[in-house]
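Q: Following this message is one structure expressed as structure tokens.
The values are calculated or read from the model by the stated rules, or taken from the named source; none is laboratory data. The model shown is predicted, which means the values in this text are computed figures rather than measured ones. Using ideal geometry, Cβ is built from the backbone for each residue, glycine included, and neighbour counts are taken over all protein chains shown. Ligands, DNA and RNA are stripped out before the accessible areas are found, and what is left, the full protein with its side chains, is counted by its heavy atoms. Shrake-Rupley method; radii C 1.70, N 1.55, O 1.52, S 1.80 Å.
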Number of protein chains: 2
Amino acid sequence: MDRLTIVKVGGKVVENPESLNALLDQFCRISGNKILVHGGGRSATEMATKLGIETTMVEGRRITHKEMLDVVTMVYGGLVNKKIVALLQARGCNAIGLTGADLDFIKAHKRPVTEIDYGFVGDVDDVNSNELRLLINENVIPVVAPLTHDGKGNLLNTNADTIASEIAVEFARYFSVYLFYCFEKKGVLKDQKDDNSIIYDLDLPLFQQYQNDGTIKEGMIPKLDNGFRAKKNGVKEVLITNHENLASGRGTRLM
Amino acid sequence: MDRLTIVKVGGKVVENPESLNALLDQFCRISGNKILVHGGGRSATEMATKLGIETTMVEGRRITHKEMLDVVTMVYGGLVNKKIVALLQARGCNAIGLTGADLDFIKAHKRPVTEIDYGFVGDVDDVNSNELRLLINENVIPVVAPLTHDGKGNLLNTNADTIASEIAVEFARYFSVYLFYCFEKKGVLKDQKDDNSIIYDLDLPLFQQYQNDGTIKEGMIPKLDNGFRAKKNGVKEVLITNHENLASGRGTRLM
């Protein structure tokens, strides 16, 4: 099977023009088929603030009422996504920007209301790679914004780590998939104060142990849950790293 | 050659949920291959106002400084485009939203500064339909926002009527293209006060005469210039009408 590299980058890397350009330089150097999945977190919060819309986060997840859905649609699906596409085209990478609504790529359902009403937040039901595989065969590079749709005309805000994992599993049916989660650190750290204390190999029992003793916590837990889910479902390699290590493949490797 | 219908809709139709839904119902009823090109005019002005950004129009064209470029990228490329895509998917139409940067679809150059500096406004150089034709063969429906790119990493604001005309000419090399310009009236009117005074057949000499005597003026002139350019360059039929007449094909036909 052909190799397909899926790179997920977080909002922080994307917001800063310098780190975004450095990331895109590295990304373009990856040979073969590739997909970029981006977040956009704080830029949506900033835009919401400018528009007088209050941002509420619960456990790191954005409460997405109607006005906030418009903001994330504009910022993730428009501003961030199309800027990345234009910058990739300038590097000779034939990119196409997508949400989950485009090509019916990622269908989701509105998260049911429990104690918390997340609003227009989507949990993924189905990934359809049919038309995208045609494009990938033509050396096109999909750039995916963290938005899905419910098939009834509504867009939904969906976590970018989850999207990366879900599409990695779908494409693993047709490609040998390498999934890279890029963030600010060089990998999952044993000691948050020491940037070089990288855990190079991480398997499920060790992940469980590190959760129990508090070494791994907060936002890193759902990220790794997504990574392990991908690894379990046919994805060849899952790496947590920063964009500078994309080429070298150094970082935390899920086993 | 297979038939391809290109429908351009203006901002006013798109902004109002009722007319947008009516338009999309009609659009989905068109059989065969199709493309939707949308404007978004006033929604960008409204968003700019909310963000404290001043809007300046010169002869109906938006001066697009850096902050305004971000606004039109968000509103046209994100909010308007992705909403339309989600609403088409809900109707079983497999849509994909695009700017000119996606798939390197429409390359343009920044309009040279003369007496007026339009800012990040693009004049079209080249339309590339290669990958889009693959998608159209798979019954995919492109939905095109009025944004182009310069190949150097910059998005550019480009008139939607012009985009519709330019892509119609490119696709006319491969398809029998029908280009419909939809706006609020049933066609080009002889008397602005009488909505039924439609000029059904319009050729170039008559267009010239109506310009000279003031029957046709203002924004209708560049729209018709675009239409006649398409007609001259291989597009089979150009019709100016409203969305209710999409199916019947009634309206002003360029000869």
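Q: Taking a label point 7 Å from Cα toward Cβ, how far is A:THR49 from its twins in the other copies, in nm, shortest first?
A: Label point to label point, same position, other copies: 2.6 nm.
Q: May I ask you to evaluate 6.51 cos²θ - 1.76 cosθ + 1.60, the Karplus curve with θ = phi - 60°, for each residue of the range B:83-88 and list the ³J(HN,Hα) values in order in whole Hz, giving x for glycine and proline?
A: 5, 4, 4, 5, 5, 5
Q: Using only protein heavy atoms and a 1.4 angstrom probe, determine the accessible area buried between A and B, summed over both sides, in Å² to the nearest 100.
A: 3000
Q: So which residue, out of B:ASP102, B:ASP70, B:ASP213, gets the largest mean-square fluctuation from a GNM of chain B using Cα contacts under 10 Å as springs?
A: B:ASP213
Q: Below 18 Å, Cα to Cα, which lysines can B:LYS50 reach? Residues fewer than 8 away in the same chain don't count.
A: A:LYS50, A:LYS66, B:LYS66
Q: Can I ask one more? Since chains A and B are linked by a rotation, which residue in A has the beta carbon closest to its axis, and how far is it in Å?
A: That would be A:GLY78, 1.
Q: Would you list, by chain and number, the aspartates and glutamates whose Cα falls below 14 Å from the Cα of B:LYS232, excluding same-chain residues fewer than 8 positions away?
A: Counting by Cα, and skipping residues close in sequence, B:LYS232 has these aspartates and glutamates nearby: B:GLU166, B:GLU170, B:ASP203.
Q: Within 10 Å, Cβ to Cβ, of B:PHE27, how many net charges do the neighbouring residues add up to if Lys/Arg are +1 and Asp/Glu are -1?
A: Net local charge, B:PHE27 excluded: +2.
Q: Got a number for carbon plus sulfur as a percent of the protein assembly as shown's accessible area, 1.4 Å probe?
A: 46
Q: Average partner chain C-beta neighbours within 10 Å, per residue of A:104-117?
A: 1
Q: Against the empirical 2.2 N^0.38 Å scaling, what ratio does the C-alpha Rg of the range B:55-198 come to?
A: In units of the 2.2 N^0.38 Å rule of thumb, it is 1.14.
Q: So what does log10 I(q)/I(0) come out to for the range A:196-255 at q = 0.15 Å⁻¹, using the Debye formula with one equal point on every Cα and no solvent?
A: -0.43
Q: Okay, moving on. With Rg and the Kirkwood Rh both taken from Cα atoms, where does Rg over Rh land for the protein assembly as shown?
A: Radius of gyration relative to Kirkwood radius: 1.01.
Q: Then there is this: Starting with the highest mean, order B:203-210, B:165-172 by the number of other Cβ atoms within 10 Å, averaged over the residues of each peptide.
A: Listed from highest to lowest mean packing, they are B:165-172, B:203-210.
Q: Same structure, new question: From the convex hull of the Cα coordinates of the range A:19-132, what is the mean projected area in square nanometres?
A: 8.4
Q: Separate question: Consider all pairwise Cα distances in the range B:3-254 and report the whole-number % of them above 27 Å.
A: 33
Q: Once you've got the GNM for chain A with C-alpha springs shorter than 10 Å, pick whichever of A:LYS185, A:LYS217, A:LYS82 has the biggest mean-square fluctuation.
A: With Cα springs under 10 Å in chain A, the top fluctuation among A:LYS185, A:LYS217, A:LYS82 is at A:LYS217.
Q: Let me ask you something else. A 22 angstrom limit on the alpha carbon distance is what I want to check against. Which of B:LYS193/B:LYS223; A:LYS110/B:LYS12; A:LYS231/B:LYS82 exceed it?
A: A:LYS110/B:LYS12; A:LYS231/B:LYS82
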